[in-house]
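S.K.: There's a structure below that I have some questions on.
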Amino acid sequence: MLSIIQAAGWPIWPLITCSILALALIIERFVSLKTARIAPPRLLDEAIGVSRGGVPSPDIVTKLEQNSALGEVLASGFRALNANPRCSEEDLRASMEGTGRLVAHRLERYLAALGTIASAAPLLGLLGTVIGMIEIFGSQAPTGAGGVSGNPGQLAHGISIALYNTAFGLIVAIPALIFWRYFRSRVDAYLLTLELSAERFVRHLNSLRAA
């Protein structure tokens, strides 16, 4: 591996940095976007069930808020109703939508960076290719008789820089693009789940408010 890096020249180092950063972002997103941390399947039903007789105590609301992203959205509805038991449905929606926007921003964290790496890696590989081509042409020194004499070592080094950087740029970009699309679709699915759950929960809170 070290010999490949040496053969690829200095342009490979930005690509190596991008690959390490992309791997770290992918691992972080896999951990952060687990279903249990975003939208546990039975949490909405449990929140509705525990509040059928009225708004639960602040301790229960705090536990709900710390449970998951969906719990934060639901807890914001409870808090709005606790703060003003006669608040309007629009106020409930506004409170939950505000929390939902914060949660959505957190779910989308680092996706832009991963997408940037997926876009920039091929360009960095192309930069290495251009630098390799410059070395190739630089190895063709003119002779006094009007011809050219090549430096085989410099020529081989230029070719290795061009090919290794092109290949490594694609090796970094393709997985980064695949995971970016995967996480993007996963976040969109979570946001839809949060939106539908919040809509159902608002109707439930509205019934508590009217009771």
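The values are calculated or read from the model by the stated rules, or taken from the named source; none is laboratory data. Keep in mind that what you see is a predicted model, and the values were worked out from it rather than measured. As a convention, Cβ positions derive from the backbone with ideal geometry for all residues, glycine included, and neighbour counts pool all protein chains shown.
Okay, residues lined up against (1) surrounded by fewer than 19 Cβ atoms within 10 Å (Cβ to Cβ); (2) acidic (D, E):
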| site | (1), (2) |
| --- | --- |
| K63 | yes, no |
| A75 | no, no |
| A83 | yes, no |
| C87 | yes, no |
| D91 | yes, yes |
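S.K.: Looking only at segment 41-56, count every residue that is in contact with a Leu (Cβ under 7 Å, 6 or more places away or on another chain) and at pLDDT below 90 and tell me the total.
M.R.: Qualifying residue count, segment 41-56: 3.
S.K.: Continuing with the same structure: Within segment 160-201, which residues are surrounded by fewer than 17 Cβ atoms within 10 Å (Cβ to Cβ) and over 29 Å from G115 (Cα atoms)?
M.R.: Hits for segment 160-201 are E199, R200.
S.K.: Have a look at G125, G115, G71 and point out the one that is farther than 28 Å from V31 by Cα, within 28 Å of the chain's Cα centre (by Cα) and surrounded by 15 or more Cβ atoms within 10 Å (Cβ to Cβ).
M.R.: Details: G115 fails: farther than 28 Å from V31 by Cα; G71 fails: farther than 28 Å from V31 by Cα.
When all the criteria are applied, what remains is G125.
S.K.: Quick check: anything in segment 95-111 under 25 Å from Y182 (Cα atoms), surrounded by 18 or more Cβ atoms within 10 Å (Cβ to Cβ) and free of Cβ contacts under 8 Å to residues at least 60 places away in the same chain?
M.R.: Yes - at least one qualifying residue is present in segment 95-111.
S.K.: While we're looking at this one, here's another question. Only one of these is out of contact with any Gly (no Cβ under 8 Å at 6 or more places or on another chain), closer than 15 Å to V202 by Cα and in contact (Cβ under 8 Å) with a residue 60 or more places away in the chain: S51, S88. Name it.
M.R.: Values: S88 fails: in contact (Cβ under 8 Å) with a residue 60 or more places away in the chain.
Residue meeting the stated conditions: S51.
S.K.: Then there is this: I need the full set of residues from segment 15-32 which are more than 14 Å from G169 (Cα to Cα) and either surrounded by fewer than 17 Cβ atoms within 10 Å (Cβ to Cβ) or of a type in the set (S, T, Y) (or both), in order please.
M.R.: Listed by number, the residues that qualify are L23, A24, I27, E28, F30, V31, S32.
S.K.: If I go through segment 159-175 residue by residue, how many of them are of a type in the set (F, W, Y) and under 24 Å from the mean Cα position of the chain (by Cα)?
M.R.: Of segment 159-175, the ones of a type in the set (F, W, Y) are 164, 168.
Narrowing further to those that are under 24 Å from the mean Cα position of the chain (by Cα): 168.
Total meeting the criteria: 1.
S.K.: Tell me the residue from L107, L102, L111, L81 that is among the aliphatic types (A, V, I, L, M), closer than 30 Å to R200 by Cα, at pLDDT 90 or above and touching a Lys or Arg at 6+ places or on another chain (Cβ under 7 Å), please. Please lay out each step first, then the result.
M.R.: Numbers: L107 fails: touching a Lys or Arg at 6+ places or on another chain (Cβ under 7 Å); L102 fails: touching a Lys or Arg at 6+ places or on another chain (Cβ under 7 Å); L81 fails: at pLDDT 90 or above.
The conditions single out L111.
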